[in-house]
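Below is one structure, written out as structure tokens, with a few remarks after it.
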Amino acid sequence: MRESDRLLIGTAKRGKRLLSVLALCRLFETAAGILLPVMLASVIDTVISRDGMMTPAVLLIILLGLITLAEIGEQIAGAKVNATAAARLRHSVFARVFELGLPGGRRFPVGDVLNRAMDSAAEVSRAGPNLLDMICAPLISLGGLVALALIDWRLVLVFAVGVPVVSMLASRLIRRVTVLTGRYQEAQGELASRFVEAVGGARTIRAAGTLDREVTRVLTPLSRLHEAGLEFWETQRRAGWYLSLLAPTLQVGVLVIAGIGVVDGRVSAGELLAAQLYLGYALRLLSQVGILAELGRIRGSAERVQEIFDEPLPPGGDRPLPPGPGVLELRGITAIVDGRTVLDDVHLTIPAGSEVAIVGASGTGKTTLALIAGAVLPPQSGKILLDGTDLATVSRDETRRAISVAFERPCMLGDTVGEMIGFGDDYVADTAVELAARASHAAGFIARLPSGYGTPLAGLRLSGGESQRLGLARSVCRGARVVVLDDALSSVDTATESEITAAMHEALRGVTRIVVAHRMRTAAGADLVAWLDEGRVRAFGAHHELLADPAYQALFGAQPVGVS
């Protein structure tokens, strides 16, 4: 069994109580539907014979009422089954994406994830009701065939002529629709990803005057989307056309045989009407083609969702992290990004409580090294040890508590400014949030906000420097052993950077700090400097010692030498 099929079964099982209610309603409708023509035939025959028609009529009315109630229950239960299954599956998809971390973000762009989580998950959530349709439709068809045989066995022979044709069409349809659904949703995901990228870079597009070219780029997958959609409906239309020829032919044949039976006295007038209704039930076997087409769409969607679950998780164990001062070791770290070796056999030991600046020319792997040190990006090979413990054996929750990262563009998570600073799995006291805001020099502009720390993030417009200071505050208040600052002060001026750096030194006293540095001032203020060159550590030492190398000085251009 394919993993995507296991996903379908697992999704259906998640709402098994509601699915059980839906199944009971469907099965009752099936059984009542098979009884309905018999009772209708009984009423007609008693009317013709004028012999005790009241009882069959009352039973018919009761049966119709019960069928109506079952249909109402089916509609309510069906809607709840779909909504519940979709919500739970989407929760699992987003949880998996977050567990995948940065590698998952590179493998599945934002627009593609949204397409899989919204459209594909919605299709997969219909797996349970679709499977019930596949069970109930053959049951009522089988009941119709049995009833036709009881009325006159010759009627079944007429119907049997069309069964091989239906089987052949169904087999072809489900295979073709599964393939086309995958192609359609793949193009849809690519289109969504390009659109999200364009929206994110709207200002750049406008400034560069490349709107027309960007529109062309975003809409490039549209032709593939159109072709897949057109071929899908053409496949279903062709199958429906064949069936539309087959169904009337079978109906005429059954009516002719039943009519002859009435003339010969084998079939009553009521049974003639019942035979027509039972033929309709038997012909529901043909509706399996539509159900199978939907199953093909569902399976194609399940394959798209399953790709996210098939992506391997970053290494992580379940061991707790022993206490320690914060010594971070990188042993034999190699990182490959987009097919290019960014870091090659990097060895680095960062003493506890020290501040280490990472410097190097553009493209030498500074950010990649910071992300690996911050346990955000797993390396292709090598080990990351914190206080002698290999982080690959430690639970991810423990690692996240021990290492905090502040990014160049922090995400505004939470409902309010205060929640954004204290955002995380563990509770952070308001006093810790305020202390962190003061350390990052965010307290001043927060005090000017309408509701201070309680100001909603929705609709709040912040400058790049203000956003970075909130991100710094969030990293400070976590109480981590190691704090990684990935270009986290790039949007503030040099004077503000000096003030924030001094305050951060005080707030993070005793905490191991790793800083991606582009300014000489930042490197000069660090205890040690790791100089990266072509993916390797060219030198590791104090800033004033490295200044003796002209190539090191050239990294900073005409920036002034020394510490502020």
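Worth pointing out:
- Residue in region 46-57 that is touching a helix residue (DSSP H, G or I) at 6+ places or on another chain (Cβ under 8 Å), in the same structural domain as residue 120 (by TED's automatic domain parsing) and among the charged types (D, E, K, R) present: no
- Any hit, region 224-234, residues being in the same structural domain as residue 181 (by TED's automatic domain parsing) and at pLDDT below 75: no
- Residue pairs meeting the criteria (Cβ under 7 Å; at least 6 apart or on separate chains; first closer than 16 Å to residue 94 by Cβ, in region 296-314; second of a type in the set (S, T, N, Q)): 304/120; 304/185; 305/120; 306/4
- Scanning region 449-465 for residues being closer than 19 Å to residue 433 by Cα and part of a helix (DSSP H, G or I) gives a total of 4.
- Taken over region 120-129, the criterion of being buried (at least 18 other Cβ atoms within 10 Å of the Cβ) and in a helix (DSSP H, G or I) is satisfied by 120, 121, 123, 124, 127, 128, 129.
- Failed criterion for residue 382 (all others in (1) without any contact (Cβ under 8 Å) to a residue 60 or more places away in the chain; (2) touching a helix residue (DSSP H, G or I) at 6+ places or on another chain (Cβ under 7 Å) hold): (2)
- Residue match in region 333-343 (condition: in a loop (DSSP other than H, G, I, E, B), acidic (Asp, Glu) and surrounded by fewer than 18 Cβ atoms within 10 Å (Cβ to Cβ)): yes
- Residue 390 being without any contact (Cβ under 8 Å) to a residue 12 or more places away in the chain and either in the same structural domain as residue 460 (by TED's automatic domain parsing) or surrounded by 15 or more Cβ atoms within 10 Å (Cβ to Cβ) (or both): yes
- Some residue of region 79-99 being charged (D, E, K, R), exposed (fewer than 15 other Cβ atoms within 10 Å of the Cβ) and in a helix (DSSP H, G or I): yes
- Condition check for residue 65: among the small types (Gly, Ala, Ser), surrounded by 17 or more Cβ atoms within 10 Å (Cβ to Cβ) and either assigned by TED's automatic domain parsing to the domain that holds residue 185 or under 30 Å from residue 307 (Cα atoms) (or both): no
- Scope region 398-423; condition within 23 Å of the chain's Cα centre (by Cα) and under 22 Å from residue 510 (Cα atoms); matching residues: 400
- Which listed residue, of 523, 503, 539, 517, is touching a Phe, Trp or Tyr at 6+ places or on another chain (Cβ under 8 Å) and closer than 28 Å to residue 469 by Cβ: 523
- When region 149-176 is filtered for residues that are out of contact with any helix residue (DSSP H, G or I) (no Cβ under 7 Å at 6 or more places or on another chain), of a type outside the set (A, V, I, L, M) and modelled with pLDDT under 75, the ones remaining, listed by number, are 164, 167, 171, 172, 175.
- Looking only at residues in region 405-432 that are surrounded by 22 or more Cβ atoms within 10 Å (Cβ to Cβ) and β-branched (Val, Ile, Thr), the one that is farthest from residue 518 (Cα to Cα) is 417.
- Residue check, residue 561 modelled with pLDDT under 85, aliphatic (A, V, I, L, M) and either out of contact with any strand residue (DSSP E or B) (no Cβ under 9 Å at 6 or more places or on another chain) or surrounded by 21 or more Cβ atoms within 10 Å (Cβ to Cβ) (or both): yes
- Some residue of region 481-497 being at pLDDT 85 or above and part of a loop (DSSP other than H, G, I, E, B): yes
- Selected residue (only one of 245, 255, 292 is over 30 Å from residue 94 (Cα atoms), surrounded by 15 or more Cβ atoms within 10 Å (Cβ to Cβ), outside the structural domain of residue 530 (by TED's automatic domain parsing) and modelled with pLDDT under 80): 255
- With respect to the stated conditions, residue 115 is buried (at least 20 other Cβ atoms within 10 Å of the Cβ) and either closer than 25 Å to residue 300 by Cβ or touching a strand residue (DSSP E or B) at 6+ places or on another chain (Cβ under 9 Å) (or both).
- Near pairs, Cβ below 6 angstrom, 6+ apart or cross-chain, from region 462-476 (in contact (Cβ under 8 Å) with a residue 60 or more places away in the chain) to any residue that is of a type in the set (Ser, Thr, Tyr) and surrounded by fewer than 19 Cβ atoms within 10 Å (Cβ to Cβ): 468/491
- In region 1-28, the residues that are in a helix (DSSP H, G or I) and exposed (fewer than 14 other Cβ atoms within 10 Å of the Cβ) form no Cβ pair under 6 Å with any partner that is among the basic types (Lys, Arg) and modelled with pLDDT under 85, whether six or more places apart or across chains.
- Identity of the residue in region 207-220, at pLDDT below 85 and not in a helix (DSSP H, G or I), that ends up surrounded by the fewest Cβ atoms within 10 Å (Cβ to Cβ): 209
The values are calculated or read from the model by the stated rules, or taken from the named source; none is laboratory data. Since the structure is predicted, the reported quantities are computational estimates derived from the model, not experimental observations. Positions of Cβ are generated from backbone atoms using ideal geometry, with glycine treated the same way; all protein chains shown enter the neighbour counts.
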